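S.K.: I have a structure here, written as structure tokens, and I will follow up with some questions on it.
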Amino acid sequence: MAFNYKLLIIIPIALQIFAVSVIMNHYLVSGEFFERAIDLKGGTAITVTSGPVDINSIKSSLSAKFGTVNIREFRGISGTGIIVEFDTETDSDGVIQELKSLGIDTRGSSIESVNPALGEAFWIQGQIGIILAFIMMGVIVFILFRTFVPSLAVILSATSDILVTLSMMLIFNIEVSLAAIAALLMLIGYSVDTDIMLTSRLLKTRGSGIPKKIKSAFKTGITMTLTSVVAITAILLSSISPVLAQIASILLMGLLADLVFTWCQNSVILRWYCERRHIGDE
Amino acid sequence: MIKYWRILILAVTVFGAILAIGYGPPRDGVEIVYVSSGSSAAGILSQGMIINSVNAQAVKNIKDWDAVMQDIGNNITVVANGEEYEIEINETLGIDVIEVQRLNLDFGLDLRGGTRITLTPTENATKDMIDEVVATLRTRANIYGLQEIRFFSVRGVDGRYYVQIEAAGVGRDIVDNLLTKQGMFEAKVLKPVNLINGSGTLELGKNIHDIESVGNKTIELDGELIKINDTFTVDDTEFQLMNVTSGQVVMLATVYDGSDIEMVKTDPQSSGIFPRGGVFQFYFVVLVSEEGAQRFADVTTGIPSFVDLNSGERYLDSRILLYLDGQTVSDLQIGANLGGVVYTTPQIQGARSTMEEAIQEKLELQSILRSGALPTTLETSSIQVISPTLGSDFIQSAFLAGLAAAAMVVIISFVKYRRIKVALPLVIMGLSEVIIILGIAATNDTAIWGIVLFINFMIVVTAWWKKAEVDIFAWIGAFLIPLVGMASWTIDLPVIAGMLAAIGMGIDHQIIIADETLSGDSDEEKKSYTMKEKVRRAFFIIFGASATTIAAMIPLMSIGIGLIRGFAITTIIGVLVGILITRPAYARIVELTAKE
């Protein structure tokens, strides 16, 4: 076989360089690494299941009265609507009155208003949550395999996965919210699943040929990821809840990134490790 | 039969969960969660009533309700709790309703609509203080008659405590007038002292203190100089100097505060509302402590009285002022017969322009006085209002999404394994996990889970007696899951996200089981493993991955307000249900298929 498997690692490395530069670029432009949603930075969001509307005209009449406003559209199986966001705590009843006067059906509206100090507290909590989850995950992985390189490879794969997903969120304009943090935590679990399966197939089974073992692990892994991807796509397409749609799209990006990191990064590191240690030679 | 004991345990647990979710009489209608004060429905309909029909049209759910409300006339007939009510409508009816809970599931605010409020103490509060705040607010809400309202104390990582309130329907007025009021109560009596040639005596019960006006609105009392608006203490009573004229000194004495109130009367003899001169006057009697009453007696000693020419009644030349959080709520004359008397049952009065406002004001005051003051002031730092329509749509579309996702998984796994006996159980297990998790969260299900616990125990004991392989996890699973099942919690968005996480992981792990045990058939090396070894290896991976997930979620259980916590707890319980009940059963099914 002329193809050197080690070259595969170029793809994950390129992806990570790309991810880091996207995040750094965002930091240089805006002074923040991530875009935070209302619940993590404070402000007011009003969700209206309005049906199709002309966003620009609503935006101009709202900003004339209430200051800087951001309007996003969302779609679902039972209707479309808009999310009206303000960076400050705004008179939400007044906004709803204004929307009503523009002829928008505001009966199914929901309001979220968060004080900036509370948002900041949630944000710190979320960050601590993710860091703690990573530490605990790492400890268990080390206990499971009790070898340095394979354990580190699993943790590295999960870390890269989260990093790339965060950069994708910046590209696709998905803000970091509490729901997004939940999705990122779910991603740690999904990412570790395939990695643990791969590592135990390679290190804990008898039999010949690392490449063959990787191939069979890949078959299992791709089925796992594929079922997750189709199930999540179904949720993404059919859900009206903007929150669930957000969780689903983050998981989708993360699972696709995980394919790269499990099969182009982790498997390469493990194969190289097995060859160096002569594991799997008969 | 005992060969299938793992599958039997799964079946019993799922059946128990279904009972836990659905057991009970059929329920229809919409429930009133909020009646706006001053609206057409106020005083006729009340919170907690279940409406079954409007204008002889049946109302089974929120859609019926919305349809009926589209064009109601000026007079409507509402059947609520089996009784008929005629209501005359001006502008709107003024009530909020939600769908009646048809299942024993407690859906959270994000799913059925409502208000979530976070209150932040204005000073750095300790845990004890916040617990006291929560207890006080609970008492207030209870006395006020608010149902379906929940209070939590939550702690941020910054160490600050917050109070979170969740209610199916609460208006902004209730938050401002009832919940964020600190409730500092004070009763003060005006104490006039007449001066002759610039000097007089302050009479407090039997004690007498000399007062001298030294000019420039300043007096000398017991050798001390006191300026206007200064506060000072005489004989354990706090005073404030209000005014000094050539003939009179007026002081304001604090006679009692919130801690002196021993009881707030609500019975019809000592509390009520009556119309008087175009306004509605409310009153209620409070019972104050002996010390407070003694202070009142001391302060009112020696105050001259006069005859009111309008009523012919005799009053003291003084007034009693009642304050709540520094604002005057009552300003009353004192009957002459009360001067110098130890009087433990003063009356609180007020007037409002409408009957409804008077009722509400009286109820708010009674609630606040009975619950006592909060140890700190609170400010509203976040409000979330979710419309019930968004909620009911959500449950419906979540159900559809779940079905679509399940169908996709069946198709993919059938394409891969070409055996319906492997693909179908994969999804059935996922569905079982949903049912079991929902059943665990269901309310009032202790008896059902007790029976499940007993049956599971019998199954495991029989299996063990018959020398089937019963490992420690089977014992744990048979006991732990029904025990956890007795708990109940609210199903909201984070909980649904947690269920998705657990089920998705469950499907992944079942694929690992199927691949480890089935696909090895063609590989030469895998033939060297027995079925038992294959299953054991699959379970090493599954336990490893599950342990990682649980470990990652454990720290999240103790931090976070609401969202992250509910997510973490549900994920952990879902993963436990998976590794202890559904995955062993799935492994058994795949083993049986492999043998064929």
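None of the figures in this text is laboratory data; all of them are computed from the coordinates on show. All figures in this text were calculated on a predicted structure; none of them were measured in a lab. Counting neighbours? That spans all protein chains shown, and the Cβs are built from the backbone with ideal geometry, glycine included.
S.K.: What does the helix-only formula give at 222 nm for chain A: each DSSP H stretch with n ≥ 4 adding -39500 (n - 2.57), the total divided by the residues, and the result rounded to the nearest 500 deg cm²/dmol? Write down the numbers at each step before the final one.
M.R.: Working: 10 runs with 187 residues, N = 282.
For chain A, the value works out to -22500 deg cm²/dmol.
S.K.: Under the classification rounded if a/c is under 1.5, otherwise prolate if a/b is larger than b/c and oblate if not, where does the range B:272-380 fall, given a ≥ b ≥ c as square roots of the Cα gyration tensor eigenvalues?
M.R.: oblate
S.K.: Where does helix B:5-22 land angle-wise versus the long Cα axis of chain B, in degrees 0 to 90, nearest 10?
M.R.: It works out to around 30 degrees.
S.K.: By how many degrees, 0 to 90 and rounded to 10, does the Cα axis of helix A:242-260 deviate from the longest principal axis of chain A?
M.R.: Between the helix axis and the principal axis of chain A, the angle is about 20 degrees.
S.K.: Where Rh is the Kirkwood radius over the Cα pairs of the protein assembly as shown, the temperature 20 °C and the viscosity 1.002 mPa s, what D in µm²/s does Stokes-Einstein return? Could the numbers behind the result be given before it?
M.R.: On the way: Rh = 31.7 Å.
Rounded, D is 68 µm²/s.
S.K.: Full extension from A:ASN4 to A:ILE128: what is 0.36 nm times the residue separation minus their Cα-Cα distance, to one decimal in nm?
M.R.: Details: separation 124, 0.36 × 124 = 44.64 nm, distance 4.05 nm.
40.6 nm is the gain from fully extending A:ASN4 to A:ILE128.
S.K.: Let me ask something additional. Pairs of Cα atoms under 8 Å, at least six residues apart: use those to get the relative contact order of chain B, whole percent. List each step's numbers first, then the result.
M.R.: Numbers: 1101 pairs, mean separation 103.5, N = 596.
For chain B, the relative contact order is 17 percent.
S.K.: Moving on. Please list the three semi-axes, largest first and in whole Å, of the ellipsoid equivalent to chain A, using sqrt of 5 times the eigenvalues of its alpha carbon gyration tensor. Write out the running numbers ahead of the final one.
M.R.: Details: eigenvalues 397, 70, 49 Å².
Ellipsoid semi-axes (Å, largest first): 45, 19, 16.
S.K.: Ok, one more. Go through A:LYS213/B:LYS532; A:LYS41/A:LYS65; B:LYS63/B:LYS181; A:LYS213/B:LYS466 and tell me which ones have a Cα-Cα distance over 27 Å in this structure.
M.R.: Values: A:LYS213/B:LYS532 20 Å; A:LYS41/A:LYS65 23 Å; B:LYS63/B:LYS181 37 Å; A:LYS213/B:LYS466 39 Å.
From the list (A:LYS213/B:LYS532; A:LYS41/A:LYS65; B:LYS63/B:LYS181; A:LYS213/B:LYS466), the Cα-Cα distance tops 27 Å for B:LYS63/B:LYS181; A:LYS213/B:LYS466.
S.K.: Relative contact order of the range A:1-93: what whole-number percent is it, with Cα pairs under 8 angstrom and at least 6 residues apart? Write out the running numbers ahead of the final one.
M.R.: Details: 88 pairs, mean separation 25.3, N = 93.
In percent, rounded to a whole number, it is 27.
S.K.: For the range B:533-550, what does the Karplus curve 6.51 cos²θ - 1.76 cosθ + 1.60, with θ = phi - 60°, yield as ³J(HN,Hα) per residue in whole Hz, taken in order and with x for Gly and Pro?
M.R.: The phi angles translate into 5, 4, 5, 4, 5, 4, 6, 4, 4, 5, 5, x, 5, 5, 4, 4, 4, 4 Hz.
S.K.: Near the amide H of B:GLY350, under 5 Å away, which other amide H atoms are found, from residues 5 or more places off or on another chain, if H is placed in the peptide plane?
M.R.: For B:GLY350, the qualifying residues are B:PHE282.
S.K.: Which net charge results for the neighbourhood of A:LEU202, defined as the other residues with beta-carbon distances under 9 angstrom from its beta-carbon, given Lys and Arg at +1 and Asp and Glu at -1? Kindly include the intermediate steps, with their values, before the conclusion.
M.R.: Values: positive: A:ARG201, A:LYS204, A:LYS213, A:ARG271; negative: none.
Overall, the nearby charge balance is +4.
S.K.: Report the charge-dipole magnitude of the range A:43-114 in Debye, nearest 20, computed about the Cα centre from +1 at each Lys and Arg Cβ and -1 at each Asp and Glu Cβ.
M.R.: 240
S.K.: What angle, in degrees between 0 and 90 and rounded to the nearest 10, separates the Cα long axis of helix A:55-66 from the longest principal axis of the Cα atoms of chain A?
M.R.: It works out to around 60 degrees.
S.K.: Something else about it: Which order do the peptides B:223-231, B:62-70 come out in when sorted by mean C-beta neighbours inside 10 angstrom, highest first? Walk me through the numbers before you get to the answer.
M.R.: Numbers: B:223-231: 12.2, B:62-70: 15.3.
Ranking, from highest mean packing down: B:62-70, B:223-231.
S.K.: Can you list the residues, at least 5 places off or on another chain, whose amide H is less than 5 Å from the amide H of B:THR301, using H built in the peptide plane?
M.R.: Close amide H contacts, sequence-distant or interchain: B:GLY205, B:GLY340.
S.K.: Using only alpha carbon pairs under 8 Å that are at least six residues apart, calculate the relative contact order of the range B:185-252 and give it in whole percent.
M.R.: Details: 117 pairs, mean separation 21.0, N = 68.
Here the relative contact order equals 31 percent.
S.K.: Compute the semi-axes of the equivalent ellipsoid of the range A:127-282, taking the square root of 5 times each eigenvalue of the Cα gyration tensor, and list them largest first in whole Å. Walk me through the intermediate numbers first.
M.R.: Details: eigenvalues 184, 59, 26 Å².
Equivalent ellipsoid semi-axes, largest first: 30, 17, 11 Å.
S.K.: Rounded to whole Hz and in sequence order, give me ³J(HN,Hα) for the range B:450-456 from the Karplus expression 6.51 cos²θ - 1.76 cosθ + 1.60, θ = phi - 60°, writing x for Gly and Pro.
M.R.: Each residue of the range B:450-456 in turn: x, 5, 4, 4, 5, 5, 4 Hz.
S.K.: Would you grab the residues whose amide H sits under 5 Å from the one on B:GLN248? Only those 5+ places off in sequence or on another chain, please, with H modelled 1.01 Å from N.
M.R.: Residues meeting the criterion, in which the H sits 1.01 Å from N, are B:LEU195.
S.K.: Taking each residue of A:209-217 in turn, how many C-beta atoms of other protein chains fall within 10 Å of its C-beta, and what is the average?
M.R.: Details: counts 1, 0, 0, 3, 2, 0, 0, 8, 2.
Shielding by partners across A:209-217 averages 2.
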